[in-house]
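The values are calculated or read from the model by the stated rules, or taken from the named source; none is laboratory data. In this text, all values refer to a predicted model and were calculated from it rather than measured experimentally. Cβ placement follows ideal geometry from the backbone for every residue including glycine, while neighbour counts extend to all protein chains displayed. Surface areas here come from the heavy atoms of the whole protein model, side chains and all, with no ligands, DNA or RNA. Shrake-Rupley method; radii C 1.70, N 1.55, O 1.52, S 1.80 Å.
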Amino acid sequence: MPRVLRVARSRAGHGRPGARTAPRQLVVRHEPRNAETAAHALGAYLTSAADRFLRSNFTVPRLSRRAYQLDIGGLVERPVSLRLEELCLLPQRTLTVTTECAGNHRTTLSPLPPGEPWSGGAVSTARWTGVPLATLLERAGVRAGAVEIVATGADSGQVATGHARYARSLPLARALHPDTLVALRMNGAPLLPAHGAPARLIVPGWYGMASVKWLAGLEVVAEPFAGYFQSERYVYREPGQAVAPVTDMRVKSVFTSPLSSVPVERGPVRVAGFAWSGSARIARVEVASVGGGQWVEARLTGEDEPYAWRAWELIWTAPSRGRHVLRCRATDQAGNVQPDLPRWNELGYGANGVQLLIVEVR
């Protein structure tokens, strides 16, 4: 089925009557609202709240900050309930984290798997401030025999097996990592409802499904969790392979400039983008022309933070006017290389094939 993207919002410009600014987001589903960051906004190192991609399995719950309470129970020494103001008084950490939807670039898979038809804008980077999850678990006292922490959101709805709340588990070691946060602020401001307010998980390095929004409860369990969004969704199902969980973001690089819709003049052109990996920092990014061009290493630029994408750039001169196609690929410090083609799987997760950019040279 052809992919159709609709403009989510567009505001009148300040120029001639009827002029409009570029869209802030591209809607892939209206209810519940799922939207990509527009191409022109992907070039910013930090994504604004207005531009950030939206991913919801159910309708966004409207939660009162005043009445909010986070309950921690299960295999603990003492169950704990914390109100928002109590969370805000605990020691905080701030981390810059790139979050990518597991289904991002699903449209590059053929045949197209079911699910939202993400074309490449389901990724964003923000500075998150919150309480380490380990701090909360230490307050409750995790008992011997615990293996996972189940995080449950306040959102719920119908799935294939009936009515369900969104819930995901983390291995105990990941939950106790000092950089796993219960986030309260994004880019210095309180969370917005669409982004998980009043509190949400942030699991650096993992695909976005692990960063449970509208966090309502944490349960320490002694057996692996097998809820719908743990065992039926967010797993890799590949022909001839055992089912595997979706966890770390696969290494990927993308183009952000020039935009494919904007022709460029002949001469030196700055080609730029971002690269990221959930397994390690980026080691290098390479660019080549389709049709026999050799891979040329780009220059890594900007901030180098452990959980955030890395900017890169290359000055490229087209050999002639007309249409040209460029490719980019990333390699991380663990040796993972972005493949030429994404690995097909039944649910369309983890697509990280080499990206293409069409450049029209005048």
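The mean accessible area for residues of the chain, using a 1.4 Å probe and ignoring ligands and nucleic acids, is 45 Å² per residue. Rounded to whole numbers, the Karplus 3J(HN,Hα) couplings from phi for segment 148-154 are 9, 10, 9, 9, 10, x, 7 Hz, using 6.51 cos²θ - 1.76 cosθ + 1.60 with θ = phi - 60°, and x at Gly and Pro. Phi angles of segment 79-85 translate, via the Karplus equation with coefficients 6.51, -1.76, 1.60 and θ = phi - 60°, into HN-Hα couplings of x, 10, 10, 10, 7, 4, 5 Hz per residue; Gly and Pro are given as x. For segment 51-63, backbone phi angles converted through the Karplus equation (6.51, -1.76, 1.60; θ = phi - 60°) give residue-by-residue couplings of 9, 4, 5, 10, 9, 9, 7, 9, 4, 5, x, 9, 10 Hz, Gly and Pro being listed as x.
Each label was represented as a point 7 Å from its Cα along the Cα-to-Cβ direction; for GLN294 and ASP248 these points are 3.1 nm apart.
Convert 37 °C to kelvin, take the viscosity as 0.692 mPa s, use the Kirkwood radius over C-alpha pairs of segment 186-259 as Rh, and evaluate the Stokes-Einstein diffusion coefficient in µm²/s, rounded to a whole number. The diffusion coefficient I find is 215 µm²/s.
The slack between ARG62 and ARG237, meaning 0.36 nm per residue of separation minus the straight C-alpha distance, is 59.6 nm. Farthest toward the positive end of the dipole of the chain, out of GLN338, SER279, LEU112, is the Cα of LEU112, where the dipole comes from beta carbon charges about the Cα centre. The H on the amide N of VAL147, modeled in the peptide plane, is under 5 Å from the matching H of VAL221, ALA222, GLU223, each at least 5 residues off or on a different chain.
With the largest listed first and rounded to whole Å, the semi-axes of the equivalent ellipsoid of the chain from the Cα gyration tensor are 37, 22, 20. Think of each Lys and Arg Cβ as +1 and each Asp and Glu Cβ as -1; about the Cα centre, that makes the dipole of the chain roughly 1240 debye.
Per-atom-type breakdown for segment 16-122 gives carbon and sulfur 54% of the accessible area (1.4 Å probe, protein chains only).
Please report the spacing between the Cα centers of segment 195-220 and segment 244-288 in Å, no decimals. Spelled out, the Cα-based centre of one part sits 27 Å from the other.
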